[in-house]
Amino acid sequence: MLQRFLDPATLASISGLDLVAKTVVDGFVAGLHRSPDFGFSQEFAEYRAYSEGDDLRHVDWNVFARTDKCFLKRYRGETNSQLLILLDTSASMGYGSHAVHKLDYARFVAASLCYMANVQRDAAGLIIFDEDVTNYVAPSTRQGQLFRLLHAIEKVEPGTHTDFTKPFVHFQNFLHRRGIVVVLSDFYEQPDIIIQTVEPLRYRGNEVILFHVLDPQEIKPKFREPVLLVDMENAANSLEVSPEYARNDYRKKIDLHIETLSSKARSAGMEYFLMDTGRPLDEGLREYLAVRKGRF
């Protein structure tokens with residue numbers, strides 16, 4: 001039943017990115033056998049009874065609604081983290097073979113991560129980029145930050161081609177506190193260039209996670225007749241592709257690209273996750289949380 005509600009097409013039918021984020025986060029966190037709270041800086045340890053003067057933000061209101069008793073959540077390693085999301089909005093992210101384009105899927109992921117950080121009281125920020133930085137929301141825990149982040153994510157549209165250099169230079173110039181950096185992109189660039197551009201973020205002590213967002217037809221294309229493929233970032237480039245080429249040569253190339261990017265990312269101390277836009281949204285996030293939980 002849960003998977004049905006987290007299906008990308010179902011999420012796309014929900015009005016409001018805030019409701020999408022709440023549906024996703026409440027859904028997959030509820031599905032964890034032993035919740036690491038929301039997967040960033042804190043791990044849930046136990047409940048304790050409310051005492052006068054306690055911070056009401058720590059009250060579990062769901063428990064209160066069921067029992068009419070006030071309990072607070074206590075955490076292991078209760079320290080605040082900083083989360084920065086880099087969202088690629090290049091033209092190729094506008095592709096989709098089904099109800100949800102890659103950019104929509106990336107928006108859902110970004111909104112869910114912001115929601116998670118907000119509930120956990122972590123500072124969250126956002127860099128939106130294509131060939132340039134088109135929007136920047138500085139990390140903060142101040143009131144209204146979640147609204148600012150979701151508003152910025154909601155209004156993004158496919159732009160031009162990708163240039164990874166500018167957002168990462170922007171990051172290094174304006175952010176000095178280390179934290180968690182999540183990059184959402186289809187990564188249509190040579191793996192060596194991607195890693196060389198992103199790797200300096202690791203030198204400053206940041207934890208870097210690459211979410212590789214691809215459409216099912218990009219991973220395993222299924223053509224019954226020849227098709228003309230047009231480069232979404234440069235319409236002058238096109239290629240006629242036969243079903244045989246798609247099944248054989250193309251599959252080998254995309255598999256090699258994914259394998260190489262994954263291998264080089266992990267060798268550089270970064271996490272890599274392939275996000276298939278045809279999968280329920282919680283699967284990739286659940287995998288990510290499981291890996292993080294195993295390291296702490």
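Read the figures in this text as sums done on the coordinates, not as results from a lab. The shown structure was predicted, so the numbers you read here are calculated from the model rather than taken from an experiment. Using ideal geometry, Cβ is built from the backbone for each residue, glycine included, and neighbour counts are taken over all protein chains shown.
Proximity of backbone amide H atoms, modeled 1.01 Å from N, is registered between VAL182 and LEU84, ILE85, LEU86, ILE209 at under 5 Å, excluding neighbours fewer than 5 places apart on the same chain.
The simple spin-label model puts a point 7 Å past each Cα toward its Cβ; for ASN135 and SER263 those points are separated by 3.8 nm.
Amide H contacts of ASN135: ILE128, each under 5 Å away and 5 or more positions distant or on a separate chain (H built 1.01 Å from N in the peptide plane; Pro and chain starts excluded). Remark on LEU274: its backbone amide H falls under 5 Å from those of HIS212, a criterion applied only to residues 5 or more positions apart or on other chains, H modelled at 1.01 Å from N. Fully extending the segment from HIS151 to LYS69, taken as 0.36 nm per residue of separation minus the present Cα-Cα distance, adds 26.0 nm.
Listed cross-link partners LYS102/LYS155; LYS155/LYS253; LYS102/LYS166; LYS166/LYS253 are compared with a 25 Å cut-off, the Cα-Cα value being larger for LYS155/LYS253; LYS166/LYS253.
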